[in-house]
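Presented below is the structure to which this report refers.
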Amino acid sequence: MASLVYRLLGSLHSAPVADKAPGHVAASVGLGRGLFSPLSEFLGAANALLGAYGGNSVKLLVLGSIIETGRRLFQWFMARFSIEYCTTMRLTSGDPAYEWVVLLLTQENVWRRARDFVVTANNSRRKWAVRTELKEDGTKVNAEYVPTYARPQLFRWRGYWVEIQRTGNITAVDTQQSPQGAGGASMTVTIYTLHMKVLSDFMEDAHDRYVQVNRPHVVVHMIEQNFGPNHLWSTAKHKMKRPLSSIILPHGVVDSLVDDAKEFISSEGWYAEAGIPHRRGYLLYGPPGTGKTSTIYALAGALNLEIYVLSLSSRFVDDAYLQRAASAIPKHGIFVIEDIDCAFPRRDEDDPDDMDDASYAAFMHNTNPTRMVGGMRTMMAQPVRTAVTLSGLLNVIDGVGSEEGKLFFATTNHIERLDPALLRPGRIDMKVQYEMATKEQAGKLFERFFPETRFPELAEGGARIAPQSRPAPSPAPSYFRNAAAVDLPDPELDSPTSALTLSFLANLFAARIPEGEFTTAELQGYLQGYKTAPIAAVRGASTFVEKGREERKDRDRIKTERRARVRERRALLAANTPGAGGTGGLMPGAPGANMRSTRMERGLGMLAASAQASGAATPAVPTQVPEVLPVLNGKWVSV
Ligand SMILES: Nc1ncnc2c1ncn2[C@@H]1O[C@H](COP(=O)(O)OP(=O)(O)OP(=O)(O)O)[C@@H](O)[C@H]1O
């Protein structure tokens, strides 16, 4: 380029001045002298003048101006061109569309040209990363190379040029931790085309690929506590779909749930015509380990829906956050609130049944339980609570965020704690109760663990009882009236008899498991110990039941003792608490005395009790009553 300019200048320099004579200019344009002669004469004079007084530098100046003007014209043209001849879209991590495009990029092998990677050993199961297996002393280590795309990458898609670039927090994205919003990443996709239709085709293609790849998975979006309140649905996990048949519930329960959800999704028009918000609420309630969460996952897999799970007891989840999180869920997403009861006040805040061991110890020994609830350190032993208020929760269920064809699922182990306002139709449209496993469930679980395909030697054939004609397992079939007495061959000592079939074993197992005493999760845990030994599983069932009963007795005894100790301690605290009939007299007439909460009173009572117990003098009461008054080594601490 530089040499070109020099050559041009050289030619200008060497060109004879006569060539640029006024007459020549006029002749070369071929126009009549009449019109242009004054201009030609002016140019001729200027030329002569320039030639006479160091005109070369001025020529250089003119040339420079021409080049600059040309450059600007080109820029202007390019700006116009790129606005009109390419389409640009921006995507933010955390948004479902971002995931779709990420997958398309990976499938198009755009990462092959990338030179900038983040390496992570965190297996994300996403298709975004380049997965490698490294060998380290014979052990395989999974590592992923995640391209950052910090610099623009150009690739061809269906004959169009597409450019992508990512900005923002590019090192934290596209592993399991993918924050959205201010701290997250965003991606710019530019397609060089005149037609908007290409853009929608691009997104459609990206979406189709995403659906195709995730067909065997259920995508579960969660909230990553570490990312703070600015990030919604920051973590996505891909779980293998679970067949509905693997959920073992009393006959018809799963089917009615699935039919209801399907009917809801397909009747959007009806809701619009009837003027009813298109949403549906389900409450699954019952003891832990009975299959509530598993049912939701299986349902989502069957209907190809994505799940958005939120726990109200998460740090920083308050009314505003809940509202934002619900609004960010796309149409037909399943919104799950786990343990919804923690949004409701307890009748007894210090119920020992709700305390974990740390809280119980803190309550009994007057130490700081250091539990964070709603971003605030609370004193006293308490069950985990939430910063979400009942009205905030109801607003979200009723409000904009819960419309648009969303399915809302709430789970709880304590339906009795829920406010009737939540349970009314329109908020909760269908309730499903989960109970301890029945004999029928135990038998079905056994059959699921030991299918005939894996144990052909125990398949039907020499069967004593065919499955169709098998008597209902609950109550115990007549031939197993005395199930405990049925003697099974020992697989290690005896050779299996032809009469011993899996259905026979399932029935015997069902007969040995008492009705409604164990959760399905407990039975599953037991059977997991006998993955390849169905006969041994049945042989050990009675011992398992006995042990389970003993353990339960122990747990009940501990609970009863705890309750008694908590009652005792409360009585002691009350006796030392002013205003509660006690003799503590800690705060008579203290400023703010009317602000005392039950919790504060307990705190003061604890202080007095601990001071009395240690023989120390009661610390002086502060003149200003702080909001929370925990006690640390006999000193007042204001939080
Ligand atoms: N009815 C069931 N059918 C099949 N598997 C079950 C059933 N109940 C429990 N399980 C198994 O037990 C484990 C725990 O189940 P799950 O998490 O669904 O229970 P849950 O009722 O949601 O418990 P929690 O109230 O503690 O959340 C899972 O591995 C699941 O496979």
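Read-outs throughout are calculated quantities, based only on the coordinates presented, and are distinct from any laboratory measurement. Note that the structure is predicted; figures quoted are calculated from it, not measured. Because the Cβ atoms are built from the backbone with ideal geometry, glycine has one as well, and the counts that use them run over all protein chains shown.
In what order do 313, 256 fall by count of nearby beta-carbon atoms within 10 Å, going from fewest to most?
256, 313
Taking the Cβ of each residue in 67, 191, 329 as the centre, tally the other Cβ atoms inside 10 Å and list the residues starting with the fewest. Provide the component values of the computation, followed by the final result.
Values: 67 11, 191 21, 329 24.
Sorted ascending by nearby Cβ count, the order is 67, 191, 329.
As a quick test, which of the pairs 241/292; 197/237; 237/531 have an alpha carbon distance above 22 angstrom in this structure? Can you show the working numbers first?
Details: 241/292 16 Å; 197/237 32 Å; 237/531 27 Å.
Pairs exceeding the cut-off: 197/237; 237/531.
Could you give me the ³J(HN,Hα) list for region 206-220, computed from phi with Karplus coefficients 6.51, -1.76, 1.60 and θ = phi - 60°, whole Hz, x at Gly and Pro?
4, 5, 4, 5, 4, 5, 4, 5, 8, 3, x, 10, 10, 8, 10
Suppose a student asked you for the relative contact order of region 263-337, using Cα pairs under 8 Å spaced at least 6 residues apart; what percent would you report?
Across region 263-337, relative contact order equals 28 percent.
Enumerate the amide H contacts of residue 434 below 5 Å, restricted to partners 5 or more residues apart or on another chain; note that Pro and chain-start residues carry no placed amide H.
285, 286
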